[in-house]
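Enquirer: Please read through the structure below; I'll follow up with questions.
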Amino acid sequence: MLFDTHVHLNADQFEEDVEEVIQRAKDTGVEKMVVVGFDEKTINKAMTLVENYDFLYASVGWHPVDAVDCTDKYLDWIEELASHPKVVAIGETGLDYHWDKSPKDIQKDIFRKQIHLAKRVKLPIIIHDREAHEDIVQVLQEENAAEVGGIMHCFAGDMEIANACLDMNFHLSFGGPVTFKNAVLPKEVVKEVPLDRLLIETDAPFLAPHPNRGKRNEPAYVKLIAEKIAELRNITYEELASATSANAKKLFGVT
Ligand SMILES: [Zn+2]
Ligand SMILES: [Zn+2]
């Protein structure tokens, strides 16, 4: 009864043992996962995975770090894939001001184009926001992203940013950082998010939760994240797991 809403089973780190990784997730109670593709190679791999496993779904989009490589040809391809029955979202897209491979204006242009695309195909958007909270909110508002809504993945903003996103029909998804000993802000915010807008994710192979921090992350560890959030919110693990799972199913339109 766990739903990992953001996992990169399509990453090179899982090349050798993806079947075992998926099995360990199933054995831990992970019922469904969304495999996120963010460039040509990872989108192709995500599509292969979702065709091989009935409990895997795909999100297709272009990562802001690589916005300079995103041509109209790729955007047309993503739009075509959006009609595939196992594609449940557009993204991850957004803004990443940590790395400087792609200038901000190009990142914003590719981000806006993917919001337009999501509105045409009527799918929710998965947003990647790294050190760009205010600009993300501004672009989402200007482009009326509320029309489709979606997910702020691995949410790292404060309560003001959280409220702006909630007002635009977005869900907030939390991952490994809520378990980190020195993390203050995500622990505060995760307590305040309305239960019907809360989601969980691993972002594996990245951001492994405590006590596996620094190691390769995998979807089975979403249980550690669910346990921590339940503890922080003072509700049972079962309640947290079933609410976040139901939220994800409703948002992605899967049963
Ligand atoms: Zn991301
Ligand atoms: Zn990701």
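Enquirer: Looking at the stretch 59-120, which chymotrypsin sites (Phe, Trp or Tyr not before Pro) are DSSP coil and have at most 13 other C-beta atoms within 10 Å of their C-beta?
Expert: When the chymotrypsin sites (Phe, Trp or Tyr not before Pro) of the stretch 59-120 are filtered for loop state and at most 13 Cβ neighbours within 10 Å, Trp99 remain.
Enquirer: If I model a spin label as a point 7 Å beyond the Cα along the Cα-Cβ vector, how far apart are those points for Leu195 and Glu40 in nm?
Expert: 4.7
Enquirer: Among Met1, Asn44, Ala11, flag the residue with its Cα farthest along the positive direction of the charge dipole of the stretch 1-50, charges on Cβ as +1 for Lys/Arg and -1 for Asp/Glu.
Expert: Result: Met1.
Enquirer: What does the charge add up to near Lys181, with Lys and Arg as +1, Asp and Glu as -1, over the other residues with Cβ less than 13 Å from its Cβ?
Expert: Details: positive: Lys187, Arg213, Lys228; negative: none.
Result for the neighbourhood of Lys181: +3.
Enquirer: In square angstrom, what is the accessible area per residue of the stretch 9-82 with a 1.4 angstrom probe?
Expert: 45
Enquirer: Going by amide H atoms built from the backbone, whose H comes under 5 Å of the H on Ala58, apart from near neighbours?
Expert: The list, which skips near neighbours in sequence, is Val35, Val87, Val88.
Enquirer: Now, a different point. State to the nearest 20 debye the size of the charge dipole of the stretch 128-255 about its Cα centre, where the only charges are +1 on K and R beta carbons and -1 on D and E beta carbons.
Expert: The calculated dipole for the stretch 128-255 is roughly 780 debye.
Enquirer: Can you give me the long-range amide H partners of Ile151? Hydrogens built in the peptide plane at 1.01 Å from N, cutoff under 5 Å, separation of 5 or more residues or another chain.
Expert: Sorted by chain and number, the residues that satisfy this are Ile125, Ile126, Ile127, His171.
Enquirer: For the stretch 105-255, what does the accessible surface come to per residue with a 1.4 Å probe? Please give it in Å².
Expert: On the way: 6430 Å² over 151 residues.
Ligands and nucleic acids excluded, the result is 43 Å² per residue.
Enquirer: Size of the dipole of the chain about the Cα centre, Lys and Arg at +1 and Asp and Glu at -1 on the beta carbon, nothing else charged, in debye to 20?
Expert: In debye, rounded to 20, the chain gives about 480.
Enquirer: What's the carbon and sulfur percent of the stretch 1-57's accessible surface, probe 1.4 angstrom, rounded to a whole number?
Expert: Carbon and sulfur together cover 44 percent of it.
Enquirer: Another one. Work out how much length Trp77 to Asp54 would gain on full extension: take 0.36 nm times their residue separation and subtract the Cα-Cα distance, in nm to one decimal.
Expert: 6.0 nm
Enquirer: Something else about it: Taking only DSSP H segments of four or more residues, each worth -39500 (n - 2.57), what value at 222 nm results for the chain once the sum is divided by all its residues, to the nearest 500 deg cm²/dmol?
Expert: Calculated from helices alone, the mean residue ellipticity at 222 nm is -13000 deg cm²/dmol.
Enquirer: Mind listing which trypsin sites (Lys or Arg not before Pro) in the stretch 186-255 are in a DSSP loop and have 16 or fewer other Cβ atoms within 10 Å?
Expert: Answer by residue number: Arg213, Lys215, Arg216.
Enquirer: Around Lys249, under 15 Å between beta carbons, what's the net of Lys plus Arg minus Asp minus Glu among the other residues?
Expert: After counting each charged neighbour, the total is -1.
Enquirer: Okay, moving on. Relative to the present Cα-Cα distance, how much length would full extension add between Arg130 and Glu231 at 0.36 nm per residue of separation? Present the calculation step by step, with values, prior to reporting the outcome.
Expert: Working: separation 101, 0.36 × 101 = 36.36 nm, distance 2.64 nm.
Between Arg130 and Glu231, full extension yields an extra 33.7 nm.
Enquirer: Tally Lys and Arg at +1 and Asp and Glu at -1 over the other residues with C-beta under 14 Å from the C-beta of Phe14: what net charge comes out?
Expert: So the surrounding residues net to -4.
Enquirer: In the chain, once you exclude exposed GluC sites (Glu not before Pro) (DSSP loop, at most 13 other Cβ within 10 angstrom), what's the longest stretch remaining?
Expert: Here the longest segment lacking exposed loop sites spans 132-255.
Enquirer: Still on this structure, I have one more. Carbon and sulfur together cover what percent of the accessible area of the stretch 70-223 at a 1.4 Å probe radius?
Expert: 50
Enquirer: Shifting gears a bit: When the chain is treated as a GNM, springs tying every alpha-carbon pair under 10 Å, which of Pro219, Pro85, Pro177 comes out with the largest mean-square fluctuation?
Expert: For the chain, modelled as a Gaussian network with Cα springs under 10 Å, the answer is Pro85.
The values are calculated or read from the model by the stated rules, or taken from the named source; none is laboratory data. Small disclaimer: the values here were computed from a predicted structure and weren't measured. All Cβ positions, glycine included, derive from the backbone under ideal geometry; neighbour counts span all protein chains shown. Just the protein is used for accessible areas: all its heavy atoms, side chains included, with ligands, DNA and RNA removed. Shrake-Rupley method; radii C 1.70, N 1.55, O 1.52, S 1.80 Å.
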